[in-house]
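Below is one structure, written out as structure tokens, with a few remarks after it.
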Amino acid sequence: MPAAKPIKAAAPRAAAKRAPHSAEVERVRAIFERFAAALPEPKGELEYRNHFTLLVAVVLSAQATDAGVNKATRALFSVGDTPQKMLALGEAGLIEKIRTIGLYRNKAKNVIALSEALLRDHHGEVPSDREALEALPGVGRKTANVVLNIAFGEETIAVDTHVFRVSNRIPIAPGRTPLEVETGLLRLVPKPFLRHAHHWLILHGRYTCKALAPACPRCVINDLCRWKGKRLEADSLPKRLPKARRKAAPARRDAG
Ligand code: SF4
């Protein structure tokens, strides 16, 4: 009888789980130290009055801009800042208030249904645990992460389009899905920075590391970024500027 072949050990799904190299840990730490030095208390830009309106604002913000949501919710929250008041407004009344927001019909249905669920299952309060939050209509992992972070101070990281792009671009925690990025960030971001990490990354993506035209020359982490397409100061100057003016342009200031 032929000898049995030795069973090969399964290849470890290593890259995702291997301990990060210490130089990489230091680079990520330096990135967040720069963000913290530039903006010690970052805040989200959605406007809200209480936990309920925060939850509603985040549900409404899916595939919409914070500015667009705020424009609609200022009037909405003046008459609907509790589940009871939202139900009194009704789906048709809610639609009237949010019709400038994309996917407003579906979102209105969800907001009414989640208001009913909060009253039925949670005494009208927004629950503070993930499972209960994700069981609410229209609430997925990203929304739950935002609410857990802002309302309940948890060290969660909500991966939106900006966080996904900059995490892959810089890179900090590359991943093919939001969950992969989130898991990587939770593993790599040093604990003192976890609470505000997603706000720093969102704001960095929204105002500096923009999708089409990243403002590399004024980026506080320019020297820590490994994106091949990043630009340095001289590259950003229009080529038609006289040489003397190009030389006179202010040098990038490295924080930290
Ligand atoms: S250097 Fe450019 S690409 Fe890199 S993080 Fe800064 S803005 Fe983004």
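A few points about this structure:
- Euclidean distance of C-alpha centroids, region 90-134 and region 154-219, integer Å: 28 Å
- Near residue 210: Cβ cut-off under 11 Å, other residues only, Lys/Arg at +1 and Asp/Glu at -1. The net charge is +3.
- A simple charge model with +1 on the Cβ of Lys and Arg, -1 on the Cβ of Asp and Glu and nothing else charged puts the dipole of region 51-152 at about 400 debye relative to its Cα centre.
- The order of 189, 220, going from fewest to most other C-beta atoms within 10 Å of their C-beta, is 220, 189.
- Potential extension, residue 120-residue 152 segment - 0.36 nm per residue separation minus Cα distance: 9.4 nm
- Compared with the alpha-carbon gap, the fully stretched path from residue 24 to residue 49 is longer by 5.0 nm at 0.36 nm per residue.
- Given 71/191; 97/210; 71/228; 142/228; 43/142; 71/107, the pairs whose alpha carbons are separated by over 27 Å: 71/191; 97/210; 71/228; 142/228
- Table column - 3J(HN,Hα) (Hz), region 39-56, Karplus curve with 6.51, -1.76, 1.60, x for Gly and Pro: 8, x, 10, x, 10, x, 9, 6, 8, 7, 10, 7, 4, 5, 5, 4, 4, 5
- For residue 110, net neighbour charge (Lys/Arg +1, Asp/Glu -1) across residues whose Cβ lies under 12 Å away: +1
- Here the extension length gained between residue 131 and residue 105 equals 6.8 nm, from 0.36 nm per residue of separation less the Cα-Cα distance.
- Just so you know, the Cα atoms of region 79-139 work out to an Rg and Dmax of 11.5, 32 Å.
- Sorted by Cβ neighbour density within 10 Å, fewest at the top, the residues 114, 119, 179: 179, 119, 114
- Within region 116-244: Cβ-based charge dipole about Cα centre, in debye rounded to nearest 20 (Lys, Arg +1; Asp, Glu -1): 1220 debye
Each value in this text was obtained by applying a stated rule to the coordinates, not by laboratory testing. None of these values were measured; they are calculated from a predicted model. Positions of Cβ are generated from backbone atoms using ideal geometry, with glycine treated the same way; all protein chains shown enter the neighbour counts.
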